[in-house]
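> After the structure tokens below, expect a handful of questions from me.
What follows is calculated from the coordinates using simple rules that are stated; it is not laboratory data. Keep in mind it's a predicted model, so treat the numbers as computed, not measured. As a convention, Cβ positions derive from the backbone with ideal geometry for all residues, glycine included, and neighbour counts pool all protein chains shown.
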Ligand SMILES: Cc1cc2nc3c(=O)[nH]c(=O)nc-3n(C[C@H](O)[C@H](O)[C@H](O)COP(=O)(O)OP(=O)(O)OC[C@H]3O[C@@H](n4cnc5c(N)ncnc54)[C@H](O)[C@@H]3O)c2cc1C
């Protein structure tokens, strides 16, 4: 827990205003409110102030002041995180450090395939800047119009292109970080090879703001794809999903950008509750996949896809399918994928989300075992296991009837996580631990790992001021 504050609130506010100027400080309760509730509305907190610095120097000044005064800091980017890590607790004893005004693209180098951006840049802006320069920044996820680079780094975000380009951890070349004492670690290198001992940037990626404030990052860019196709297949059974993925990889020279599992339950949620969503195939198949495959030229890609489709049908791995013939058709297929989240959120009942991973080849057995285990206790539960089959990351979401008790909800997560354990999987594939999963993770975190994390945290942040509630079970 953080050391007790040693500064009067008014003095703190005056000194913060001196660092950021009046536009960088919000203290009115009404104006602070939108920053103090998380995206899922599971957590609402209080803060002394929402501080919105505009430069690394201002962030360093704020952090130095807080270190001196014993004030805890909760960093926040786009506030789209799904594990409650970007919202302070109810004690009102911390500041919320909101990075959204640090939103400059500092450099973009097409020959080095790199760019340096500030933490508050929205992902979509970064993607667009790269595209305008004829390059691609491949990270892509449903919240890309709001999530910011600092938050994406702090959570090691994944998304739909992980199987081809990796997670955020794989896309960062260097970082600029304000450490808990207010000093600045400036390692914004764009070198591809830099083998000088510990790779310190990796400590901060996925640390969820517990070791410092990310203020800027150098990122990897990629060539833009000349040709790309979006395909939608119906599977005879879920067990055929990994086999079809393997075939897609083999027949296209490993050019699969994304491979998303879409169950019937997800399609039903989306169509019932989100305008403009259409069912792509007739016959209501139980299991479908949406895949995006790229290539160097339209002709080559079409040739590969013709062979792939022929083989997939003759091997009995698909029963039906469609290939988008235009950008509008591709968008409609992706709208269905993205609408699953909103569709389930708007459906009657209580939504219980799980972001888990197992080996790709284990996904069918995992989904079967976890579904059976839940149906044994809740025969009427609706189960919607969708998402990134290409990298074994399934959003195993469950809907219980309205009025289900807190114990019932927690029980569903316990059952799910116990089945994940049986498959040696992870209870957090891409969303992080935050506050939501702290207790569940503490139960299964191996002791040497837990001890090393605690020692590391103590060494870097001896006063315990950086996002103190994150990773801590029972608080
Ligand atoms: C519709 C929707 C779809 C999503 N899809 C995906 C998906 O496919 N894959 C995926 O991985 N995630 C997904 N997410 C989750 C979310 O978008 C990611 O976790 C994202 O990385 C959060 O970015 P943010 O800027 O909103 O961070 P925030 O929510 O503001 O913060 C997240 C964490 O990072 C810390 N933090 C924020 N900024 C900084 C900083 N500058 N320095 C240090 N720490 C910081 C916060 O304290 C917090 O712990 C989705 C969310 C939504 C709402």
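> Helix 447-460 versus the longest principal axis of the chain: what angle, 0 to 90°, nearest 10, using Cα atoms?
So the helix axis and the longest Cα principal axis differ by about 40 degrees.
> Can I ask one more? Give the order of 286, 451 when sorted by the count of other beta carbons within 10 angstrom, beginning with the fewest. List each step's numbers first, then the result.
Numbers: 286 14, 451 11.
So the residues, fewest neighbours to most, are 451, 286.
> Taking the Cβ of each residue in 317, 203 as the centre, tally the other Cβ atoms inside 10 Å and list the residues starting with the fewest. Write out the running numbers ahead of the final one.
On the way: 317 22, 203 16.
Lowest count first: 203, 317.
> How big is the shadow of the Cα convex hull of the range 283-438, averaged over all directions, in nm²?
Numbers: hull surface 46.0 nm².
Computed as one quarter of the Cα hull surface, the answer is 11.5 nm².
> Give me the Kirkwood hydrodynamic radius of the range 46-158, using the inverse of the mean 1/r over all pairs of distinct Cα atoms, in Å to one decimal. Could the numbers behind the result be given before it?
Working: mean 1/r = 0.0665 Å⁻¹.
Computed over Cα pairs of the range 46-158, the Kirkwood hydrodynamic radius comes out at 15.0 Å.
> Then there's this: Between 0 and 90 degrees, rounded to the nearest ten: what's the tilt of helix 264-273 against the longest Cα principal axis of the chain?
Orientation of helix 264-273: about 60 degrees from the principal axis.
> Related question: So if I restrict to the alpha-carbon atoms in the range 227-346, what is the Rg, and what is Dmax, the biggest pairwise distance, in Å?
14.0, 42
> Expressed as a fraction of 2.2 N^0.38 Å, the rule-of-thumb size for a compact globular protein of N residues, what is the C-alpha radius of gyration of the range 105-223?
Details: Rg = 13.2 Å, N = 119, 2.2 N^0.38 = 13.5 Å.
It is 0.98.
> On to the next question. Calculate, in nm to one decimal, what residue 421 and residue 27 gain on full extension: separation in residues at 0.36 nm each, minus their alpha carbon distance. Walk me through the numbers on the way to the answer.
Values: separation 394, 0.36 × 394 = 141.84 nm, distance 4.46 nm.
Full extension of this stretch gives 137.4 nm more.
> Using the alpha-carbon atoms, what tilt in degrees (0 to 90, nearest 10) does helix 406-422 show relative to the longest principal axis of the chain?
Approximately 70 degrees, to the nearest ten.
> Shape of the range 218-294 from its Cα gyration tensor (a ≥ b ≥ c, root eigenvalues): rounded if a/c is under 1.5, otherwise prolate when a/b > b/c, or oblate?
Numbers: a/c = 2.44, a/b = 1.47, b/c = 1.66.
Note, shape of the range 218-294 comes out oblate.
> What value does the range 1-53 have for Rg/Rh, both radii from Cα atoms and Rh as Kirkwood defines it? Don't jump to the answer; show the numbers that get you there.
Working: Rg = 12.6 Å, Rh = 12.4 Å.
Dividing the radius of gyration by the Kirkwood radius yields 1.02.
> For 458, 193, 201, 447, which order do you get if you count the other beta carbons within 10 Å of each Cβ and list the fewest first?
On the way: 458 11, 193 4, 201 23, 447 7.
Going from least to most buried by this count: 193, 447, 458, 201.
> In whole angstrom, and with the biggest value first, how far do the Cα coordinates of the chain range along each principal axis?
Taking the Cα atoms of the chain, the three principal extents are 73, 57, 44 Å.
> Restricting the calculation to Cα positions, tell me the Rg (one decimal) and the Dmax (whole number) of the range 350-422 in Å.
According to the Cα coordinates of the range 350-422, Rg and Dmax are 11.6, 36 Å.
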